[in-house]
Amino acid sequence: MEKFTSADKRTVYCGTLTAADVGKRVTVAGWAQRQRDLGALIFIDLRDRTGIVQLAFDDNTDRAIFDDAFGVRAEFVISASGVVRARGEGAVNPNMATGEVEIAVDRMKILGRAETPPFAIVENSDVKSELRLTHRYLDLRRPDMQRNIIARSKIVGLTRNYFADNGFIDIETPCLIKPTPEGARDYLVPSRVHPGNFYALPQSPQLYKQLLMYSGFDRYIQIARCFRDEDLRADRQPEFTQIDLEMSFADEEDIIALNEGYIKYIFDNFMNMPLETPFPRMTYAEAMERYGSDKPDTRFGLELCDISDIAGKTGFGVFSGAVADGGSVRAINVPGGASMARKEIDSLVEFVKTYGAKGLAWYKHAADGTVSSSFAKFLTEDEIAAITAKTGTGAGDLLLVVAAKNSVVFDSLGALRCEVAKRLGMIDKSKFNFLWVTEFPLFEYDEDDGRYYAKHHPFTMPMLEDYDKIDTDPGSVRARAYDCVLNGTELGGGSIRIHTTEMQTKMFSVLGITEDDAKEKFGFLLEAFKYGVPPHGGLAFGLDRLVTLLLGLEDIREVIAFPKVQNASELMSKCPAAADPASLEELGIAVVVDEKE
């Protein structure tokens, strides 16, 4: 292998060369995309992160260099020097940014040889994700992946600029913290110097950023790494990045306005797209009633219609029984949905079952007036007429109905409307529909545990109008919380925080956290309350989700350099892995093997 010298150092990037550079002497470096041997001519397409340029070797090339070029294969790492020249007549490649020029090479060095890669390093590869992730270092060479990662970097840079211009201070909070008792499972880290004790990796910097407000920093920002030991989905990873911020002496209006300004700034400077502000707002209650979701996609209709007042009085037990048990009967009218075949409707029945519904009732009114239904025979003509009138069902439409307890109805129909819209091509993917969802419930009741949990976290301030309900009717208390939703995805969320000992103590009490437990788990926070806490609130955006949505992608793994897969493992490095026995012994940890496993 030849030594890398100053003569091999690149002077320009491959993808930056244009006709204006003709006659210049340049040095480029990168990976060989392909080599074409035409006998008296050899061409090598050289690739770096900016693009591809063609290297030309001909009769004027030194024989030794020509022979070296003959031996170059895909993914060889090379450095090449020469003069930029215009391509010959008929040789211009209009599909290539550098297609008007090539480099007449007079010096070349092979810096690294390569075996044939397990997949081609090309744009929009259709290779299975498992293979791509196993060889992620190769996958990241692909132009589309490089654009994604570079785009992420640009968005991070713009984020820092915007918040710095608005008076925010970038402060790092610890990654080794006290284990938290609420929310998702922590990743635990054993302490060697404190045997039997553990740190946790932060699920968010929540308590530390609140303490920074107590410390007088007023405006805090951090591009924060966070960790949650939870099941993965397309938009989740066990380790992820938040754009995390907190503000003192501010209310909801201040925080929402500032963050609308941030999103507009990103659209102006990254997307080159105007964005209208302020964003629409909707209460949690309205979002659930209309869309069955607290993060509704508003790019299409298919809103829920409550037909409980009609269906609950029918002789059809599925409908009337759900209403009698305190649930509801709700429907979605799908315009033009009568074109769906029975087999496809049956697949929708199976779809809603994954969300807890026992079934899906349907009523199809074909364009020619023919009617077919799974439930019409159990209802009178007047009852059918009342339901179709209330839901606006007409010729060519399909009515989809779920009857169950409200949580199941909302979950199943909320997901169903998105699934139907996707199947029928009703979603305009060029739209960016932002929405603020406000007034979330402060608590949610877990029937299995028989207790209340905090909907967001136990440091969220209740709405002033609902203070008197905290002790008597906690389920009806609304939070001063707000989520930013984009196209059906929660982009970020936050709240106004509790800043008095009395309110924080009351919150802990409703959550079943005793005074001793509170002192043990949050003593440092309660102690800080004694010394003057300003009103404050904040918000955190998911950076990975934001980049994914702005680039029009489906999976956040496409914007993360080294992501995990569904079981929270990394295929490339094969982690997690067994620890060295000596390390475990030093930490005082014994691994117990589950015989069932």
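The values are calculated or read from the model by the stated rules, or taken from the named source; none is laboratory data. Model, not experiment: these values are computed from the prediction. Positions of Cβ are backbone-derived with ideal geometry, glycine not excepted, and every protein chain shown enters the neighbour counts. All accessible areas refer to the heavy atoms of the entire protein, side chains included, with ligands and DNA or RNA removed. Shrake-Rupley method; radii C 1.70, N 1.55, O 1.52, S 1.80 Å.
Residues in segment 16-31 carry Karplus couplings, in order, of 9, 6, 9, 4, 5, 9, 4, x, 7, 8, 9, 10, 10, 8, x, 10 Hz; the curve used is 6.51 cos²θ - 1.76 cosθ + 1.60 with θ = phi - 60°, and Gly or Pro positions show x.
Extension gain, A64 to E527, is 159.1 nm, computed as 0.36 nm per intervening residue step minus the present C-alpha separation. Length available on full extension from A389 to D170: 0.36 nm per residue minus the Cα-Cα distance, which gives 73.2 nm. In this simple spin-label approximation, R225 and A341 carry label points 7 Å from Cα along the Cα→Cβ vector, and these lie 5.1 nm apart.
Apply 1/(1 + (r/R0)^6) to the Cβ-Cβ distance of R423 and V593, taking R0 = 45 Å, and write down the FRET efficiency to the nearest 0.05.
In this case the efficiency is close to 0.45.
FRET efficiency for the pair R113 and I150, taken as 1/(1 + (r/R0)^6) with r the Cβ-Cβ distance and R0 = 22 Å, rounds to 0.20. Computed from Cα positions, the angle between helix 143-165 and the longest principal axis of the chain comes to roughly 60 degrees. Label point of V193 set 7 angstrom out along Cα-Cβ; within segment 567-590, amide nitrogens under 18 Å from it belong to 586-588. With each label modelled as a point 7 angstrom along the Cα→C-beta vector, the R49-M572 pair spans 1.3 nm. Note on K178: lysines with a C-alpha under 19 Å away, same-chain residues under 8 apart excluded, are K209, K519, K521.
Run the paramagnetic zone check for Y453: 7 angstrom along Cα to Cβ, then residues of segment 369-406 with backbone nitrogen under 19 Å. Answer for this model: 406. Compute the long axis of helix 252-266 from its Cα atoms, compare it with the longest principal axis of the Cα atoms of the chain, and write down the angle in degrees, 0 to 90, nearest 10. Result, in degrees: 30. Length gained on full extension, R25 to E515: 168.9 nm, using 0.36 nm per residue less the C-alpha separation. Roughly speaking, what is the centre-to-centre gap between segment 363-408 and segment 1-25 when only Cα atoms are used, to the nearest Å? Distance between centres, Cα-based: 69 Å. Seen from every direction in turn and averaged, the convex hull around the alpha carbons of segment 455-559 projects onto 8.7 nm². If r is the Cβ-Cβ distance from K128 to K3 and R0 is 30 Å, what FRET efficiency results, to the nearest 0.05? So, using R0 = 30 Å, E works out to roughly 0.15. Nearest 10 degrees is fine. How inclined is helix 406-423 to the longest principal axis of the chain, computing both from alpha carbons? Relative to the chain, helix 406-423 is tipped by roughly 40 degrees. Summary value for segment 10-128: 28 percent relative contact order, contacts being C-alpha pairs under 8 angstrom separated by 6+ residues. Given a 1.4 Å probe and the protein chains as shown, E520 ends up with an accessible area of around 120 Å².
From the list (1) 0.99; (2) 1.05; (3) 0.95, can you say which value of Rg/Rh (Cα atoms, Kirkwood Rh) was derived from the structure given? Given (1) 0.99; (2) 1.05; (3) 0.95, the structure-derived one carries the label (2).
What the phi angles of segment 527-535 give under the Karplus curve with 6.51, -1.76 and 1.60, with θ = phi - 60°, is a coupling list of 4, 5, 4, 5, 10, x, 10, x, x Hz, glycine and proline written as x.
Taking packing as the residue-averaged number of other Cβ atoms within 10 angstrom, the listed peptides 135-145, 15-25 run from highest to lowest as 135-145, 15-25.
With both labels modelled 7 Å from their Cα along Cα-to-Cβ, the D325 to E350 distance reads 2.4 nm. I want the local charge near V547. Using Cβ-Cβ distances under 10 Å, sum +1 for each Lys or Arg and -1 for each Asp or Glu among the other residues. Result for the local shell: +1. Averaging Cα coordinates gives a centre for segment 427-493 and one for segment 32-107; these two points are 59 Å apart.
Quick one: which residues, 5+ away or cross-chain, put their amide H under 5 Å from the amide H of F440? H built at 1.01 Å from N. Result for F440 returns Y284, A479, A481.
With every protein chain in place and a 1.4 angstrom probe, the accessible-area ranking of K405, K343, K353, largest first, reads K343, K405, K353. The GluC sites (Glu not before Pro) of segment 409-505 meeting both criteria, a DSSP state outside H, G, I, E and B (loop) and at most 12 other C-beta atoms within 10 angstrom of the site's C-beta, are E447.
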